[in-house]
Amino acid sequence: MFKKFIIVCLFITSICLFPKGAQASTITYLVDTPTYSILDYGCYDVLFRVFSGGGVLAKLNFGVFQILNLGVSWELGSLIGCYDVVVAVPALQVKCNIYSGDEKIPGFAAGYDGQGFFYDKDDGDFIQKGKGIYLVAGKELFFPTLNINAGINMNDFKNPGILGFINASYEIIEDSFMAMLEFDNIGGGKDGRLNVGFRVWITEDFDIDFILRNCTTPDQDRFGCERILKISYQSRF
């Protein structure tokens, strides 16, 4: 009952607050997996993600060229709460547009994302590794605003192996309310994750994500069924 109430509230918020005819911000990421899209030249994206244990992940990305995005991110574990703050090493993001796509051929992008999750200060590494090097292709398929992206990545250079990911997004209310579904770490055995969520555009520049991450397992040691809140603001210089 409570979940239904939340969904209804999100619908009403989207309809009431988002300007009619406005264009929503560029969708470059869903939960943990990238799309083929990149920020336009001169644009920037500021993102804050609140996750398990009072942790906060901050990201800042820039459209530095027509085909290239650069960004940096920083995870602070236990920032909210009474435990010692776990300060992670800042991570770098690079994303390059290879082909923007057309009616028949999907768009392609390649990049590097060093941002993992749950930094272990004793090991000096993230418990869940970031994307590392990746290649992604995506296209609108079957229905308007139904976008599907699929890709491969390698995030462990000591023990190299190819992983896969696939994601889909559908704008239930165009440019206002979007559903997200993704399967990450395909080929990674028990580290495979199913993530779901909703994105609400409060304005054309500002959006909020409500996410269930790794929702197929209640195993707390694997950070199962994690509830995440993410806010993002996009604009241009």
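Bear in mind that the values in this text are calculations on the coordinates, not laboratory data. Being a predicted model, the structure only gives us computed values, none of them experimental. Because the Cβ atoms are built from the backbone with ideal geometry, glycine has one as well, and the counts that use them run over all protein chains shown.
Just a few scattered comments:
- For segment 92-237, lysine pairs with C-alpha atoms less than 20 angstrom apart, excluding pairs fewer than eight positions apart on the same chain, total 14.
- Restricting segment 167-237 to GluC sites (Glu not before Pro) in coil, as DSSP defines it, with at most 16 other Cβ within 10 Å: GLU174
- Rounded to the nearest 0.05, the FRET efficiency derived from the C-beta distance between ASP40 and CYS225 at R0 = 45 Å is 0.80.
- Charge tally for ASP207 (other residues, Cβ to Cβ under 15 Å; Lys, Arg +1; Asp, Glu -1): -3.
- For the chain, the Kirkwood hydrodynamic radius comes to 18.4 Å, computed from all pairs of different C-alpha atoms.
- Modelled this way, with points 7 Å down the Cα-to-C-beta line, the labels at LYS190 and TYR99 are 4.1 nm from one another.
- As computed over segment 152-217, the Cα convex hull volume per residue (Å³): 102 Å³
- Within segment 112-126, backbone nitrogen closer than 18 Å to the virtual label 7 Å beyond the Cα of TRP74 toward Cβ: 114-121, 125-126
- Spacing of the modelled spin labels on THR203 and VAL89, each 7 Å from Cα toward Cβ, amounts to 3.8 nm.
- Sorted on the mean count of surrounding Cβ atoms within 10 Å across their residues, most packed first, peptides 205-218, 76-89 read 205-218, 76-89.
- Chain lengthening between ILE173 and ALA110 when straightened (0.36 nm per residue, less Cα-Cα): 19.7 nm
- FRET efficiency, ALA58 to ILE162 (Cβ-Cβ, R0 25 Å, nearest 0.05): 0.25
- Cβ-placed point charges (K, R +1; D, E -1), dipole of segment 137-186 about Cα centre in debye, nearest 20: 280 debye
- Remark: relative contact order (the chain) = 18 percent; criterion is Cα-Cα distance under 8 angstrom and separation of 6 or more residues.
- Secondary-structure-derived ellipticity at 222 nm for the chain, considering helices only, amounts to -2000 deg cm²/dmol, per-run term -39500 (n - 2.57) for DSSP H runs with n ≥ 4.
- Relative contact order [Cα under 8 Å, 6+ residues apart], segment 43-109, whole percent: 24 percent
- Shape call, segment 107-172: gyration tensor on alpha carbons, a/c limit 1.5: prolate
- Summed residue charge, Cβ within 12 Å of ALA88's Cβ, Lys/Arg positive, Asp/Glu negative: -3
- Panel note: the C-alpha atoms of segment 47-155, placed on their principal axes, show extents of 53, 27, 24 Å (largest first).
- Dipole-positive endmost among SER232, ASN214, LEU76 within the chain (Cβ charges, Cα centre): ASN214
- Förster radius 30 Å - calculated FRET efficiency between THR217 and PHE65, Cβ distance, rounded to 0.05: 0.15
- Electrostatic tally near PRO106: other residues with Cβ closer than 14 Å to its Cβ, Lys and Arg +1, Asp and Glu -1, net -1.
- The trypsin sites (Lys or Arg not before Pro) of segment 93-167 that meet both conditions, a loop assignment by DSSP and at most 10 other Cβ atoms within 10 Å of the site Cβ, are LYS104, LYS158.
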